[in-house]
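The values are calculated or read from the model by the stated rules, or taken from the named source; none is laboratory data. Because the structure is predicted, anything quoted here is derived from the model rather than measured. Using ideal geometry, Cβ is built from the backbone for each residue, glycine included, and neighbour counts are taken over all protein chains shown. Only protein heavy atoms, including side chains, enter the accessible area calculation; ligands, DNA and RNA are left aside. Shrake-Rupley method; radii C 1.70, N 1.55, O 1.52, S 1.80 Å.
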Amino acid sequence: MAAVLTRPAPTPSAAPPAVSRPSWGGWRSRWPLLPLVATVLLPALPYGASGEGGGPAVGPADLASGLAVLVCVGRLLYLRRRPLSATAALVLGLPAVGFAVATVTAADPAAALPGLVRYLQVFVLVPIAVFLLLKDAYGFRIVAGSLVLLAVVQGVTGVHQYVTGTGASYMGEDIRAVGTFGPSDIMGMATVVAYGLLAAAACALRTPGSAPAWLRPCAAVLAVALIVPLTLSFSRGVWIATAAAVLVALALAGRRQALTSLAVLGAAGVVVVGGFGIGSEMIADRAASVTRVTSTPDRSVSDRYAMWSAAGAMWRERPAAGVGLKGFPDHRDGHASIGLSSGSDTAGAGQEFRRQALLSPHNMYLLVLSEQGLVGLTALVGSWAAILVGAIRRLRLARSRGPAAMDCGLTAVALMTWQSVNFLYADIGGPTTVLSGVILGLAAWWALAEPDRVSAA
């Protein structure tokens, strides 16, 4: 009788199935992002007013940005890789040409050197560092999440200031929400809240497919909630820039989501301003003051238009290279009209009454035109335009291909749009200045980085 050979049954394994855990090597590779996260979060630390006489004060965020640049340089030397593509090097390095020309041709080049260092930091070095330190979309989301965290902290602080009457002075009451930045940097809280609102809104519109289910509703709630402190900042330019950026993001996200989001935002506005009556009369008066230039104008509006006129007069005097970096304060009185006041009054939020000198035209484009001329304006605006156009183009391509990083694209386009519009009513100055470099770096990464870096989730 033939023996029947059978295969022995496999012995069941006593070990439990392996659980997937994040590898320590993956987290360790993210440490270069720490200086960028610190650069985003540290502007919230109060360290005093900006430098006297228009000189930039070096704050914790500036030191963190310098560390980020050093980390970037060290990694490049260690890895021995070509740092930038030819296109990225041209776009990100082009503003340096205008800065150099304005410094060399200034009446006092030594006095222009601090301005050269500041401009190189904000508009060249920090954007390049952000561009190179972001390895993939995950790193982008970490930095964008830091913006949201900063906005939430400052927004809560600002709302508390309004409710308790401990904010900056506005129309005789200490109700203006300024966060931890104080009345000497009246735009600081509004700026960071707008950044966080746009990042949260982009995440709600295009949530990553691998994200947990709770992320999308939380992002939507945060975006709507941040409207409250943004409104209580009474910053007209920030309102306009945020509205423009939100509309651009909605248009690029899709028609259906745009209509739904506009309905939600409209309802939130009615509830906040109409239902609860949060500063409704003051908000309406503040918004209407933008157009009141000839009849009972707001003093800040009159001063702003007077400084815009002075900037134009400086440019007409030296159209090619301008009056030199940091030259606007020295040439202001010789070109401004007699209606320009000596300064703006600031008080509240723990600060005594102080007269703050008007040292810039509160328009970045006119500031560059007056101090750097057509050469500097063409180089700087040309770089920004290339980044914005490239970001929109890549986002439109991403919609057809459906990559996992659509949220990064919407965030980059919204932030770059906001920065471009806000610079019509503001310029650099204060502790949030370095964040402008971070925003430019995020937008440049989305617009100019290699496709494999952008599409990686």
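Per-residue packing, averaged as other Cβ atoms within 10 Å, sorts the ranges 183-195, 302-314 into the order 183-195, 302-314, beginning with the highest.
Heavy-atom accessible area for SER436, with the other protein chains in place and a 1.4 Å probe, reaches approximately 10 Å². If you plug the beta carbon distance of TRP31 and LEU247 into 1/(1 + (r/R0)^6) with R0 = 45 Å, you get a FRET efficiency near 0.75.
Label positions at LEU67 and THR166, each projected 7 Å from the Cα along the C-beta direction, are separated by 2.9 nm. Once both labels are positioned 7 Å from their Cα atoms along Cα-to-Cβ, the gap between ALA385 and SER300 label points is 3.1 nm.
What percentage of the solvent-accessible surface of region 50-207, computed with a 1.4 Å probe over protein heavy atoms, is contributed by carbon and sulfur atoms? The value for region 50-207 is 69 percent carbon and sulfur by accessible area. Once both labels are positioned 7 Å from their Cα atoms along Cα-to-Cβ, the gap between LEU113 and LEU79 label points is 3.4 nm. Averaging Cα coordinates gives a centre for region 171-226 and one for region 71-129; these two points are 30 Å apart.
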